[in-house]
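The values are calculated or read from the model by the stated rules, or taken from the named source; none is laboratory data. This one's a predicted model, so the numbers in the text were calculated from it and none came from an experiment. Here the Cβ positions follow ideal geometry from the backbone for every residue, glycine too, while neighbour counts run over all protein chains shown.
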Amino acid sequence: MKWLWKILPWFFLALFGAEIVAVMLPKADGKFHVREFGSLPVLLNGRIQPFDSVARNSLLQIRSTGDVPLEEVPSWKFWHHPQKLKATEWLLEVMTRPETADTRPVFLIHYSDLLGELKLQDKGVQKSGLRYYTYNDLKPLLPEIFEQGRKAGEGKSEKQTTFQKQVAKLANAVTLYQRLKVTLQPEGVNGFAGELAGFQKNLGAAQAAAQASETGKDFDKEAVRKVAEPLRDFQFMAQYGYPMVVPPLQPGLVRERWQNAGASLLDSLRAGQVHPAMVCFAAMADAYRQENPDGFNRAVSDYKAWLMPGFGRELRKGGAEFYYNNVKAFLHATIIYLCAFVLACGAILTFALAPNLSESLRRSAFYLVILAGLVHTFGLVFRMVLEGRPPVTNLYSSAIFIGWGTMVLGLIIERMYRVGIGSLVASFAGFITLLIAHNLALGGDTMEMLRAVLDTNFWLATHVVVITFGYAATFFAGLLAILYIFLGVFTPMLGRNLAPAEAVTSGSGALSVPASGIEGQKPAINIGKALSKMVYGVVCFATLFSFVGTVLGGIWADQSWGRFWGWDPKENGALLIVLWNAIILHARWGGLVRDRGLMNLAVFGNIVTSFSWFGVNMLGIGLHSYGFMDAAFKWLMVFIGSQLFVIALGFLPIGLWKSFSAPPTAPAGVGDDAPTTVSATP
Amino acid sequence: MFLDRLISFFTSIRLTVVCLALGLVLVFWGTLAQVDLGLYKAQNEFFRSFFVYWAPKGAPWKIPVFPAGYLVGGVLVINLLASHYKRFSFSRDKAGIWMVHFGIILLLLGQLMTDVLSRETTLHLREGEAKNYSESERETELAIADVTDPDADNVIAIPQRVLMGSKVIHRRELPFTILVKSFLANSQVENHEPGATLPPAATQDIGARATVRGLPRVTEMDRRDVPSAVVELTTPRGSLGTWLVSEFVDRPQSFTLGDRVYELALRPRRYYTPFSVQLLKFRHDVYPGTDIPKNFSSRVLLQRPETGEKREVLIYMNNPLRYAGETFYQASFDPDNQGTVLQVVRNPGWLTPYLSCVLVGFGLIVQFVTHLLGFTFNRKTA
């Protein structure tokens, strides 16, 4: 058996490591070089991004998913991967084969009042309780949707009803879809490449005719007519085309002046020549529509060859972001965190029953947290490089960073106390924060450009990072405290002694069994005391980071708005965390609370931090507010309720705590009777 | 005996915890209250006062229900000072605590100083325009200008405080007395339509053709009150009539008394500076292909006649101009992008947070590092 316990951690590491390697290796393209196309750069939302990001973020806004499943698979058949359209494939279809795209159920409508209003209850496709509709389903209702959406958009966003928000969202989704259709060519055109070649041929004659008409001479009316017809389509494309796909002709002069396809085609009238990029795009669109892989692949590589000399940087950025999108580092990290969490739970629950198994599971969890942490770090750093920014720029990235911070703290704690507590908390926090981040990403592009006042890497790197780390530390202390309360009330764990540190550290292979009070050694410390020390230490760091972060924020405000402190909700939220941490420390130093009190205070710290992180954004006021989020509000209330429940548990009389009512395994000094060993003030 | 108890009360760490907890509740409550009261009013009621008061709607009395910012902060400072005097010896292992606590005292006192001494005004400039004054956001003044001399106006400004407080205002420089018939902190001025229920607001000039009614004061940060007043000007020989003055009216109203010509206007209170600021160019940069603002900047010309100083300065986001005790921040702009709004702040205590941040941050690091190193060391040997 012993060899099995030794091998198990390595087995888990190898399993998930192999998966990560498989995910990270570059993939081959299929018949159509869709991946290559998906990496091509365009300009949208003020930044260069690949077609793939346009596709993905549009799909998130329309369908709340990153791809389009093509078949129904019952959820219990989890081993069966359903056929799906990848984001870029979907986009190509929308742009070049709109007739097919219009039959895909991509519009998610889940608000029942809206479904009733539009009489859609019985239409559409139902999947996991959500209803999806095709563009063709919605077509007859478009006038009504747009009218309602316009009305909803008139009021202030904080005062909108849920119905208004939902209808506005639907109207936006439909508009976005319609705009995507005219990205490369007029909707549903056959043989666009040929049409464009004809247009190009007629341009010279038309220009001559136009000049002639200006000077009052006789001009070739036929030549003008030939050009005027396609111009109507181009005008429409210029007005509605969504991403700017055509780079400027002179990259040295104005690198950022990209155009959408329509605008570029209109410009060719003046230039007398169709932009080379448009020639390539027309060839791609045409070939994809005609299901001609060779033509498509040739056009893509022609375009890349054209881009390379002047727009190498943009091309690389597109490729890198495409890679980032497809690796889905945070998704994989989430899965590994979850597995590590299960293993760490197992390790703690079997701590006394089967010490060897417990140690094996603990190691497995520890290794997996390290692996997940590496993947998490990879995603975080990749994002920073892509954006050219410090890690936290918006709510989405703050969730990612808080998860990262707790992961680091958890690994440190796990290195110090090898009982699985650090891994447990790190994996739990990593899992939850990445889940929150995933939901925050549904709004669309998470790498949006920063508004003027935030456009400063100095303050983002100092204030924002420090304060977010303060949040992470406060949450970490709170999670440790929850663990203390659960273990204390429901298990006899807290009273058990930790193995002396040396026994575990020394001898790499020796899976030592935690023993209580081995003769000749100094008395071991029990898990309850150890947790108490951890919480205290983490609260100290949380105080440091939240205070320095808050004051740095004030200094930033002084630099940009002319006042250090304005009692703005976000500032107040940060101040609440500082005050709360200070209360914990002073209550502890003053002997007002012992271990259990400390834990209850630390759990309440979770509530304070969640209010500061999310709650203040929901007030809908102040310079810092990002918008009102009602779904998030519900979850915040659930979270606060759960924390209050844990605190109530923490207040149970000591006799009901399993850890303290059982016959003590430690000689003395358990729970509230123990003198506080940690004290910074006399 | 009493003194001992007093001392032990003010040096107790329980008092610290209680103050911090009260502060926590106060900050939380004050944040929620902003939804209804607006930032400015909530700030004054919760943080810039000694007590949070409660009063039933429309009642003339109010009762204190909770300690507010000045009280909590004040007791905390006393508590800190007293504890340090009484309990903390000045030793090396307490150096961190000393730094932290004095950093915090500095921060609190600095903020008190800011509350009492700082002044926020705005400077609105169109391109090409130069001004040697900035205007108050919240205070108004009645300006009475003797414009008889074409070369120099003689202006007397009566601040809002005086307009609100007194009914009769004499000024030695003026040959008439001002009777404030009514003062409305926020108001709406409308044309007087025939058959309107409200009578004309005054007898002279615009007031004869307009009505005015009071409005509740605005609570949103991005809107301001429109104050109005009706004043009667009297001389020993009798009344000259009544005037409606309002910030809503954008031109001064003039009248003649004897051989002098006067102009009357209610305008945002002005603060003059010994230098002038001229807007050369305002820029509003957006990210390519979007209307997301990337930067706002104002290129201004700073001129000070008495020193002969004359230089160009670029003020942009996160980069204010600090000059002669005032700081100019890019705050807003005109919709046509040809005018800028600069926030002008005079705050003698602006440096205290910087010092305090360094002191507390460093102090905490010293304290925790020495302390936690001991703690891990203990663990290793445990």
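Things to note:
- A:V578 more than 10 Å from chain B (Cβ to nearest Cβ) and not aromatic (F, W, Y): no
- Condition check for A:A208: surrounded by fewer than 19 Cβ atoms within 10 Å (Cβ to Cβ), at pLDDT below 80 and in a helix (DSSP H, G or I): yes
- Residue list for the stretch B:272-314, filter: away from every other protein chain (no Cβ under 11 Å) and among the hydrophobic types (A, V, I, L, M, F, W, C): B:F275, B:V277, B:L279, B:L280, B:F282, B:V300, B:L301, B:L302, B:V313, B:L314
For every residue, the table says whether it meets (1) within 30 Å of B:E120 (Cα to Cα); (2) surrounded by fewer than 16 Cβ atoms within 10 Å (Cβ to Cβ).
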position: B:H170; (1), (2): yes, yes
position: B:K181; (1), (2): yes, yes
position: B:S187; (1), (2): yes, no
position: B:N191; (1), (2): no, yes
position: B:A210; (1), (2): no, no
position: B:T256; (1), (2): no, yes
position: B:E263; (1), (2): yes, no
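- Test: residue in the stretch A:366-388 that is surrounded by fewer than 19 Cβ atoms within 10 Å (Cβ to Cβ) and outside any helix (DSSP H, G or I): yes
- Considered as a group, the residues in the stretch B:21-38 that are within 25 Å of B:S118 (Cα to Cα) and in contact with a Ser or Thr (Cβ under 8 Å, 6 or more places away or on another chain) include one that is nearest to the other protein chains (Cβ to nearest Cβ), and that residue is B:G38.
- The stretch B:39-94 - residue that is in a helix (DSSP H, G or I) and among the basic types (K, R) and, of those, farthest from B:F9 (Cα to Cα): B:K41
- Selection of helices (runs of 4 or more DSSP H) fully inside the stretch A:57-132 by the criterion of at least 1 residues being closer than 30 Å to A:S39 by Cα and at pLDDT 90 or above returns A:87-96, A:98-101.
- Scanning the stretch A:421-452 for residues that are within 14 Å of another protein chain (Cβ to nearest Cβ), of a type outside the set (A, V, I, L, M) and buried (at least 19 other Cβ atoms within 10 Å of the Cβ) turns up A:G422, A:D445, A:E448.
- As a summary of the residue check, A:R594 satisfies the conditions (1) closer than 17 Å to A:Y484 by Cβ; (2) at the interface with another protein chain (Cβ under 9 Å from one of its Cβ atoms) except for the one numbered (2).
- The condition of being in contact (Cβ under 8 Å) with a residue 24 or more places away in the chain and farther than 28 Å from A:I607 by Cα holds for only one of B:T11, B:T16, that being B:T11.
- Annotation for the stretch A:306-324: at least one member residue is more than 33 Å from the chain's Cα centre (by Cα) and at pLDDT 90 or above.
- Candidates A:E222, A:E195, filtered to the one that is assigned to a helix (DSSP H, G or I) and under 28 Å from A:N292 (Cα atoms): A:E195
- Residues that are touching a residue at least 12 places away in the same chain (Cβ under 8 Å), in contact with a Lys or Arg (Cβ under 7 Å, 6 or more places away or on another chain) and not aromatic (F, W, Y) number at least 1 in the following strands (runs of 3 or more DSSP E) confined to the stretch B:199-249: B:228-235, B:238-246.
- Candidates in the stretch B:140-150 are the residues that are β-branched (V, I, T) and either loosely packed, with under 11 Cβ neighbours inside 10 Å or in a loop (DSSP other than H, G, I, E, B) (or both); of these, the one that is farthest from the chain's Cα centre (by Cα) is B:T148.
- Within the stretch B:323-343, if we keep just the residues that are among the charged types (D, E, K, R) and farther than 14 Å from B:S276 by Cα, the residue that is nearest to the other protein chains (Cβ to nearest Cβ) turns out to be B:D334.
- Residues located in the stretch A:265-296, provided they are under 15 Å from A:Q200 (Cα atoms) and either of a type in the set (F, W, Y) or within 13 Å of chain B (Cβ to nearest Cβ) (or both): A:F281
- For the stretch B:331-342, filtered to residues that are within 17 Å of the chain's Cα centre (by Cα) and modelled with pLDDT of 90 or more, the residue that is surrounded by the fewest Cβ atoms within 10 Å (Cβ to Cβ) is B:V341.
- Residues in the stretch A:542-565 that are more than 7 Å from chain B (Cβ to nearest Cβ) and touching a residue at least 24 places away in the same chain (Cβ under 8 Å) were compared, and the one that is farthest from A:I583 (Cα to Cα) is A:W556.
- Residue, farthest from B:E232 (Cα to Cα), within the stretch B:151-185, restricted to residues that are small (G, A, S) and not in a strand (DSSP E or B): B:A152
- Among the residues of the stretch A:30-46, those that are in contact (Cβ under 8 Å) with a residue 40 or more places away in the chain, surrounded by fewer than 23 Cβ atoms within 10 Å (Cβ to Cβ) and part of a loop (DSSP other than H, G, I, E, B) comprise A:K31, A:F32, A:H33, A:N45, A:G46.
- Residue within the stretch A:155-167 that is at pLDDT 85 or above and either within 14 Å of another protein chain (Cβ to nearest Cβ) or surrounded by 16 or more Cβ atoms within 10 Å (Cβ to Cβ) (or both) present: yes
- Some residue of the stretch B:80-90 being closer than 30 Å to A:M618 by Cβ and within 14 Å of chain A (Cβ to nearest Cβ): no
- Residue ID - nearest to the chain's Cα centre (by Cα), chosen from residues in the stretch B:45-84 that are crowded, with 18+ Cβ neighbours inside 10 Å and farther than 20 Å from B:L26 by Cα: B:A82
Yes or no, residue by residue, for (1) of a type outside the set (A, V, I, L, M, F, W, C); (2) more than 14 Å from chain A (Cβ to nearest Cβ); (3) in contact (Cβ under 8 Å) with a residue 12 or more places away in the chain:
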position: B:E127; (1), (2), (3): yes, yes, yes
position: B:K131; (1), (2), (3): yes, yes, yes
position: B:L142; (1), (2), (3): no, yes, yes
position: B:P150; (1), (2), (3): yes, yes, no
position: B:N154; (1), (2), (3): yes, yes, yes
position: B:P159; (1), (2), (3): yes, yes, yes
position: B:K167; (1), (2), (3): yes, yes, yes
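- One residue alone among A:D286, A:D233, A:D302, A:D294 is free of Cβ contacts under 8 Å to residues at least 12 places away in the same chain, assigned to a helix (DSSP H, G or I) and assigned by TED's automatic domain parsing to the domain that holds A:A197, and that residue is A:D294.
- Any strands (runs of 3 or more DSSP E) falling wholly within the stretch B:282-381 and containing at least 3 residues that are farther than 30 Å from B:G96 by Cβ and among the polar types (S, T, N, Q): B:293-304, B:326-333
- Yes/no for B:D205 being among the acidic types (D, E), under 30 Å from B:D259 (Cβ atoms), more than 14 Å from chain A (Cβ to nearest Cβ) and surrounded by 14 or more Cβ atoms within 10 Å (Cβ to Cβ): yes
- B:L107 within 11 Å of chain A (Cβ to nearest Cβ) and within 31 Å of the chain's Cα centre (by Cα): yes
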